Every structure is written in structure tokens, then in C-alpha cells.
Amino acid sequence: MSNISQTPGNITILKNIYENLLKDHHLKPYYIKDSIANKYFKLDLLPPQKVMLLFDCDTEQPTYWEESVLCQLGVEQNEEETPLINIALLNIAHPLKLICFYLVDVDNYPTRLGIRLYQGARAILNPLNITFKRIEDWAIYGLDDTNVDIRYTDINGLHQMAKISQHLPNIKCALTTYLESQFPIVKEIKENNANLPLTWNEVLSNKNKATIFGKRQNIKVGKKANKRTFLANYSSEYIKRKNIFSEKEFQRFENWLSSGGLRENIPEGILKGNKKYVEGYNGFRTFMEELLIYYLQEVSLKNLKIKQADKELNQLLIDTVRMTIKLKKKENTFNFTSLSGLTKFHDELLYEFNRKMTQKTNYTFKIHEKFLPLVQALRYKKKLKRLKTPLELLNEGKKMANCVGSYDDLVKAGRCIIYHYDSPETGKPYTIEIIIKQDKYYINQHYGKYNEKADEVDMKVISNLIEDTNTTLSEKYNQKQNKL
């Protein structure tokens, strides 16, 4: 804790917030008394001073829980006298969380306002019961114009500076009221859902967006920083720093941002892209990739004069962006005005990618557990070969004139699995990408050489194989559940 410095003003503010929490007439009726908390919830030990609130995860509204109400909902005692809530009597469509505010003010330690968040979890021995598991741990050491210090506890138990992507519990109380009144930019961050790789102290210790971006990028930022959304300005400075656009393309990008390009229908991946990878296959992209894909989709719809991009066009854009970033290409201009122009741009990138990646380290992909049943089901199928290494993907890309060679990170992370198929029916070769959604396998891409659309008879053969595998797995799961 030696790197934490506090002024008397910091300590006074934290104490005032905590005292206001205790007096908050909006929340006071919902506090869980210590006697009830200790009796009905199995929690880590907290400092004696604490405010505990149970609230609905979906609405983020406090829930009133007196002991009599808990009893009516079916609180049970097991042999170890650990109270559990029987969720058979609850509306499980609205999961519950428990939030604890507490103040640590002891000698030889920095004063901190702590926030702990617990998620309701099903008990192992009885799935109809829930206990509460700690999922977040926050500590606030400073919260004024001169010292903003908001931290979270990492998996090693160390306090790290928190990023704005790690939202403070969004419950109306003295803390959020203070943040919104003292730091107006908090409202804008919340409204834009700007989950970006900036820390809370970077955002809150600056007076406006211009100073945030100017200090971050060490450049002068004009008045535009205060005219556009927080997310739009961050995106502008991020792209400028990466130097991925030519001067002409960057101007187009700026015009797109200024005309509201990131104000409505913002893809979830952009908002979560500060993490290295986003959950789910379609979100398995960095912030840069999500931003470029979204931008190019908008540009292509305008340039190609179409209302909505189909799956093939979207995939072409995604692959184009992936190769552009992997090749670390700078000063790019995306000036295609036709589908053939986009295809040509893609193919030029593909040629360069295959040429540069030939010397790529060769290793064998680990089969992720969720794909094991599929691999086992298809292992003896003739003419169907799983591509097991990055080099095999690269050779497949050269042979089939496609960009599957750039899919190594997706396969490695278990987001998809790639097969080569030589059709006995038509004699045509195919590259096939299979993904998993909601515990079912799906064919995401099935193309011949030069990304030619697969013949219907060949598509049906592979579709039947995947459907049979899904059916078999479903039957096995049902049999297992019946035995239980």
C-alpha cells in the first residue's frame, strides 16, 4: 500500500459518503440487518461497519427482505446450519446480487471505502438452493479533483487501478450521487456505455474530454473533443495513434464520427473490446477489429448502395480487417466502390498474408473440450480432414485461395474448428468452418476454391453430419439427466 497517498480531504470525503449511505432514506428500508445477514447468508467476514443491500440483477433495484419474508420464500437449514434460499419459490428470471459497502479506518492503513459484490449461485448438493459467491471487490482511496484512486482486487489479491470498463455497481446511492454531481462526465460515460481502456482516475481527474485525450495521446486536441461523444473522441485518437488510416481515409473516418457514426446501435464488441478478446465467437475481436468492421460495414453499405449487408459481405469485411491488422498495415485507404473492388482488395491482402506467414511457427492445436464430441464423431469420415496446425491452415489458404490461414487465433482459442473436405459426389474441394452456439454445432462457412459457394448436394452431406452429431449428443444428455 506504499503507493497510496491520501490527504485529509480524501479521508473526509470517503467518511462523508459512508455516513450518507447510512442515512440514505431511499436505501435505508432495504438494508439487511447484521443479525439477518449472519443467519441467512454465508459471506466472507467484513469489517463491523457495513451496509448490506440485496438487489435485483436485471433492474438493479434494491429488494426488501425482512426475516419473515425470507422464511416465506423457503429458507432452509442444512446439517452444517448454513442457510440457503430455496429458489424454487423465487422468480429465477431475476437473479439476485448482494452489495456490501464498508469503511476501513484503522491506524497504519490508508482509509478506504470498500464495495463487495456477491452473486447468487446454486448450491452444489441441492440445485434448488442458492448461496452467495463474492465476484467483485473494490476499494476507493481518493475521490476528489486532485486525487482519484479507485481500485479493484485481482485474482492474486492485489489492488490494481480500475478501468472504466469495470463499472462501479450502478445502484442509486450516496456514492453514485456524489460521482455524478462532482464529475459530470460520469453520466456521459454511462449513457455511451463507453467500456474503454482508460482508468477511472484518468477520466475523473480531468476537467473535460479535450484534456483526457490530449494528455493520453500527448497531442493537442481541438474543440471537437467536447462536441462529440466520449466514445467517438476516444476512437478518433485511438485510430490516429495506430496510424492505420491514410490521411484521406482518416478524414472520412472523422466525418463519419462527427455525423453520429457511433451514437446509435453500437455493437457490443466495440464496448467490450478493451479486453484482449470478447466472449463468444462473433465477439472474438479486439477493440480495433470491432471498430474497423463496424466502420467498414457502414462505408460499404453507402459505397455499394445497398440497404443491408448479407452474411457473405460481412464475412469478407471481417476477413479483410483481420488480415489488415495481422499484417500491421499502415496508411490504408478503403476506397472500393463495388463488390468486385472489395474482393480485389481482400485478395491482394490474402496474397501478401500467405507470402509473409509461410515461416510461421508450426504447432498442433489443442482440441477444446466443447469440440471433442464433434471431432470424435467425424474422425472416421472419409474425405473429411481436420486441419490441426497453423501451417495446415496456411497451406489450405494457398490451395483454396482463401484466407483461412488467418484463422489460427480463432482455432487456438476454441472459437471454431476447420476441416477440409473432398466431395465424393461432385469431386470438389471445400474449406469448412464449424462453430458452437448454445451447446450446438453449426456450419459457419462452407466454401470451395476462390470462396465459391458450395453445391447444394455437398452442403446437405455436411449439414446432415452436423445434425446427426447434435442429435446424438442431445440424446446422451437426456439419458444422463433421466438417470439423475
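The values are calculated or read from the model by the stated rules, or taken from the named source; none is laboratory data. What you are looking at is a predicted structure, and each value in this text was computed from that prediction instead of being measured. Cβ: placed from backbone, ideal geometry, glycine included. Neighbour counts: every protein chain shown. What goes into the accessible areas is simple: the full protein's heavy atoms, side chains included, and nothing from ligands, DNA or RNA. Shrake-Rupley method; radii C 1.70, N 1.55, O 1.52, S 1.80 Å.
Distance from the Cα centroid of segment 317-331 to that of segment 173-198 is 34 Å (rounded to whole angstrom).
Using the Cα gyration tensor of segment 351-484, with a ≥ b ≥ c the square roots of its eigenvalues, what is the shape: rounded (a/c below 1.5), prolate (a/b larger than b/c) or oblate (neither)? It is oblate, given that a/c is not under 1.5 and a/b is not larger than b/c. With a Förster radius of 51 Å applied to the beta-carbon distance between residue 335 and residue 106, the computed FRET efficiency rounds to 0.20. Placing 460, 385, 328 in order of accessible area, with the largest value first and a 1.4 Å probe, yields 328, 460, 385.
Based on the alpha-carbon gyration tensor of segment 407-484 and its eigenvalue square roots a ≥ b ≥ c, which shape applies: rounded if a/c is under 1.5, prolate if not and a/b is larger than b/c, or oblate? It is oblate, given that a/c is not under 1.5 and a/b is not larger than b/c. Highest-first packing order for the peptide set 254-260, 294-300 is 294-300, 254-260, based on the mean count of other beta carbon atoms within 10 Å. Annotation: residue 141 carries an accessible surface of approximately 0 Å², with a 1.4 Å probe and no ligand, DNA or RNA atoms counted.
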